[in-house]
1. Extension gain residue 215-residue 69, at 0.36 nm per residue separation less the Cα-Cα distance, in nm?
2. Taking R0 as 35 Å, what FRET efficiency do you get between residue 108 and residue 191 from their Cβ-Cβ distance, rounded to the nearest 0.05?
3. When the Cα atoms of segment 160-288 are enclosed in a convex hull and the volume is divided per residue, what value in Å³ results?
4. Could you give the dipole magnitude of the chain about its Cα centre, charging the beta-carbon of Lys and Arg +1 and that of Asp and Glu -1, in debye to the nearest 20?
5. Over the chain, with a single point scatterer placed on each C-alpha, what log10 of the ratio I(q)/I(0) does the Debye formula yield at q = 0.09, 0.10, 0.11, 0.12 1/Å?
6. Helix by helix through the chain, keep the DSSP H runs that span 18 Å or more along the axis on Cα and average at least 0.5 on Kyte-Doolittle, and give those back in order.
7. Before rounding to the nearest 500, sum -39500 (n - 2.57) across all DSSP H runs of length at least 4 in the chain and divide by the residue total; then give [θ] at 222 nm in deg cm²/dmol.
8. Checking the a/c ratio against 1.5 first, then a/b against b/c, what shape does the Cα gyration tensor give for segment 51-141?
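Every number in this text was worked out from the coordinates using simple rules, so none of it is lab data. All values derive from a computational prediction rather than experimental measurement. Note: ideal-geometry Cβ built from the backbone for every residue, glycine included; neighbour counts use all protein chains shown.
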Amino acid sequence: MGIGRYLELFKLRICSLITFSAIVGLVAASSPGATLGTALFLVAATMLAAAAASAFNHYFDSDIDSVMKRTRKRPFPSGAVAGSRGVLAAAAGLFLLSIAVSLAALNYMVAVHLALGAFVYAVVYTVWLKRRSSLNIIIGGLAGSFAVLAGGASASPELCAPPMLLAVVMFFWTPSHFWSFAICHREEYERAGVPMLPVRVGDSRTALYILINTVLLVISSLALWFFGHAGPVYLAAALVLGAYFIYWNIRLLLSPEKEAARSNFRASMVYLGALFTSVVVDMAMRNM
């Protein structure tokens, strides 16, 4: 059996996004004490924590994954990976290693934030909320916010405003992103008994909620500039990207169908990636 099937358990693309968010949190904190070594240890600790939570999610959701066409070829439901105890042990080991790296090479607040992020995703979202509440992804989205805070804490354990403001951006981004995805796969979620928002309220109302949430997201993105923690490069990016994302939201609202939802989902990825990149560029230009 190829090692690739085991690597699928760790959802490396999602782990990479979470890790990038942590790096942006580090950059936003802009502490003179931050070094390349700090960034490398942060990458390692964040990837380990995210991989641990993802592996547990694969294990716990294997029953509903087997029902949905989109997920039935994942390692557990397809039978490509057996031995759940081994996977759980590996997940626990990765999590403990993440905490050990954080404590040994960074500081205790990084460990706290990464532990909270993993707990929110693996336990609060996966175990408690995903199958019970249409608000599941709102609370589950805190996992990404904790990654940003972990990045900020790696520069200095004291809480500072820029990473906190970006954590709010991450919190508001998550529902707009995942509700769009849920519209694309509403029938599968319904078949599996997962009460995602479109299953409960329908695609049209979900599209309205996405637009409302995205407006809050764009407003929250401006706070970093408003409070003096970003310059004109970031402001321009936040305004242009905000208008871009709202445009796709409106298209989805006018035509709440799968293709429009898929386009909005892709737009959400462009939005967050470009916005967080602009934080790095803006910070670099301000420090020149």
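1. Working: separation 146, 0.36 × 146 = 52.56 nm, distance 3.29 nm.
Going from the current span to full extension adds 49.3 nm.
2. On the way: r = 44 Å, r/R0 = 1.26.
With R0 = 35 Å, the Cβ-Cβ based efficiency is 0.20.
3. Details: hull volume 11.7 nm³, N = 129.
Roughly 91 Å³ of hull volume per residue.
4. Numbers: 21 positive and 12 negative charges, 135 e Å.
Charge dipole of the chain: 640 debye, to the nearest 20.
5. Normalising to I(0) and taking log10 leaves -0.43, -0.53, -0.65, -0.77.
6. Details: long enough: 12-29 (25 Å, 2.04); 36-60 (36 Å, 1.41); 84-105 (31 Å, 1.80); 142-155 (20 Å, 1.49); 161-184 (36 Å, 1.30); 203-226 (34 Å, 1.40); 232-254 (33 Å, 1.54); 258-286 (42 Å, 0.41).
Answer set is 12-29, 36-60, 84-105, 142-155, 161-184, 203-226, 232-254.
7. Working: 15 runs with 221 residues, N = 288.
Calculated from helices alone, the mean residue ellipticity at 222 nm is -25000 deg cm²/dmol.
8. On the way: a/c = 3.22, a/b = 1.43, b/c = 2.24.
Cα axes put segment 51-141 in the oblate bin.
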